[in-house]
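J.: One structure, pasted below without further comment.
The values are calculated or read from the model by the stated rules, or taken from the named source; none is laboratory data. Not measured: the values here are computed from a predicted model. Neighbour counts are summed over all protein chains in view; Cβ atoms, including those assigned to glycine, are modelled from backbone coordinates with ideal geometry. Just so you know, the surface numbers come from the protein's heavy atoms only, side chains and all, with ligands and any DNA or RNA stripped out. Shrake-Rupley method; radii C 1.70, N 1.55, O 1.52, S 1.80 Å.
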Amino acid sequence: MSLRITWYSENGVKAALLDGRIDSLNTVLFRQSIIDGITDEDHVLILEFSNVNFISSAGLRVVLELAKTFRPPKSFSICGLSFAVREVFEISGFDQIVNIYETLEEAKIEQ
């Protein structure tokens, strides 16, 4: 299954709505699509994972790179993790590095 990205933007918040798998076959495309979708004026980035059923270690590296790019005063967070994807974030310790929210609405409020 491929990965589709739909962009959402409202009140200075840019969100990438992800749909599919994030694995070694599409990690380069995932990274480039996110980089191409943001501008220097974007200061809040949220990755919405509710339709992602798998993320590989290569995908986690991209998430870490994005988190480093969006350091304060910029803001980076993720939301909508399924049980399986949340488990990957927790086992890898990424839940200690990245702000994780249950829903996009909750993530937007916290920005």
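J.: Given a Förster distance of 30 Å, report the FRET efficiency between residue 36 and residue 111 from their Cβ-Cβ distance, rounded to the nearest 0.05.
T.: 0.85
J.: On to the next question. How much area per residue is accessible in the stretch 19-60 when the probe is 1.4 Å and only protein heavy atoms are counted (Å²)?
T.: Value returned for the stretch 19-60: 48 Å² of accessible area per residue.
J.: How high is the FRET efficiency from residue 83 to residue 19, r the C-beta distance, R0 22 Å, rounded to 0.05?
T.: 0.80
J.: Calculate how many DSSP beta bridges within the chain are antiparallel, expressed in % of all such bridges and rounded to the nearest 5.
T.: Restricted to the chain, the bridges split so that about 35 percent are antiparallel.
J.: Please report, as a whole percent, how much of the solvent-accessible surface of the stretch 15-111 comes from carbon and sulfur atoms (probe radius 1.4 Å).
T.: Within the stretch 15-111, the accessible surface is 53 percent carbon and sulfur.
J.: Over the residues of the chain, compute the C-alpha Rg and express it relative to 2.2 N^0.38 Å.
T.: 0.95
J.: Less than 10 Å Cβ to Cβ from residue 15, Lys/Arg counted +1 and Asp/Glu -1: what total charge do the surrounding residues give?
T.: Result for the local shell: 0.
J.: Compute, for the chain, the length of the dipole vector about the Cα centre, with Cβ point charges of +1 (Lys, Arg) and -1 (Asp, Glu) only. Units Debye, rounded to 20.
T.: 320 debye
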